[in-house]
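Note sheet for the following structure.
Taken together, the values in this text are just the output of simple stated rules run on the coordinates, not laboratory data. The structure presented is a predicted model; accordingly, all values stated were derived computationally and were not measured. Note that each Cβ is placed from the backbone with ideal geometry, even for glycine, and that neighbours are counted across all protein chains shown.
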Amino acid sequence: MQALKLVDIERSQSRKAPNLDYASTHKDVVERCKHGNRQAQFELYRLYSRAMYNICLRMLRNEQDAEDILQRSFLDVFSHLDSFRYQSSVGAWIKRIVVNNCINHLKRNKVHFEAFEPRHAAVEDAPVPLRETDMDVERIKHAVGQLPDGYRAVFTLYLFEGYDHQEIAEIMGITEATSKSQLSRAKQKVKRLLTQEHTRSNR
């Protein structure tokens, strides 16, 4: 899969909320970073590194890989910050770079995506309800961590990071139908994992 160009990253984010005033979002810090101010670079890293690390960890499941991708992503951020034109928030721009690097890492490690098959459409479109007792954030995160890479990547991008299926398909080099299929199967597996855990805890 070819990595998205940084100009495409910013353009994609700008479609989401064109009426917001992105120019005021940490603009002073960004401008000082563009001029090579090391203190400003540290400040930008401080502002966004924790949230971006959490994205890496959800996507990759491995702490060392998450740390490596985080550092690589901020190197990309500082190397290409001159191309940032405030068409999106700087946080959204950084997040897209982080997500893209996570996906590239998964691709290099041969992440597998099960292709969508029309005969499974009825099953894939069926709702997968979760009981209120299952809706514990930490339990859900733990269950998501047990998903296969393909399921986990789509589940995380769609439900945690707010990407739609068209964007996920573009980022991951799959079809929208496959993205929808991966999400549905991931939700079913999370449901089973939560049910199994609930059963074990009540024995």
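For Asp28 and Thr175, calculate 0.36 nm times their separation in residues minus their Cα-Cα distance, and state this gained length in nm to one decimal.
49.0 nm
Return Val29, Val90, Val111, Val137 ranked ascending by Cβ neighbour count within 10 Å, so the fewest neighbours appear first.
Placing the least packed residue first, the sequence is Val137, Val111, Val29, Val90.
Sort Leu75, Leu60 by Cβ crowding within 10 Å, fewest neighbours at the top.
Ordered by Cβ neighbours within 10 Å, fewest first: Leu75, Leu60.
With a point put 7 Å past each Cα toward its Cβ, work out how far Ala51 is from Asp164 in nm, to one decimal.
2.2
For Arg38 and Ser83 in one chain, what is 0.36 nm times their gap in residues minus the Cα-Cα distance, to one decimal in nm?
So the chain would gain 14.4 nm between Arg38 and Ser83.
Quickly work out the Asn62-to-Asn109 label distance, labels modelled 7 Å from Cα along the C-beta direction, and quote it in nm with one decimal.
Label-label distance for Asn109 and Asn62, simple model: 0.4 nm.
Around Phe74, with a cut-off of 14 angstrom between Cβ atoms, what is the net charge of the other residues, counting Lys and Arg +1 and Asp and Glu -1?
Net of charged neighbours comes to +2.
Applying the Karplus parametrisation 6.51 cos²θ - 1.76 cosθ + 1.60 with θ = phi - 60° to the phi angles of segment 93-101, what ³J(HN,Hα) value in whole Hz is obtained for each residue in order, glycine and proline being reported as x?
5, 5, 4, 5, 5, 4, 4, 4, 5
When the chain is fully extended, how far beyond the present Cα-Cα distance does Lys191 get from Gln146, taking 0.36 nm per residue of separation?
15.0 nm
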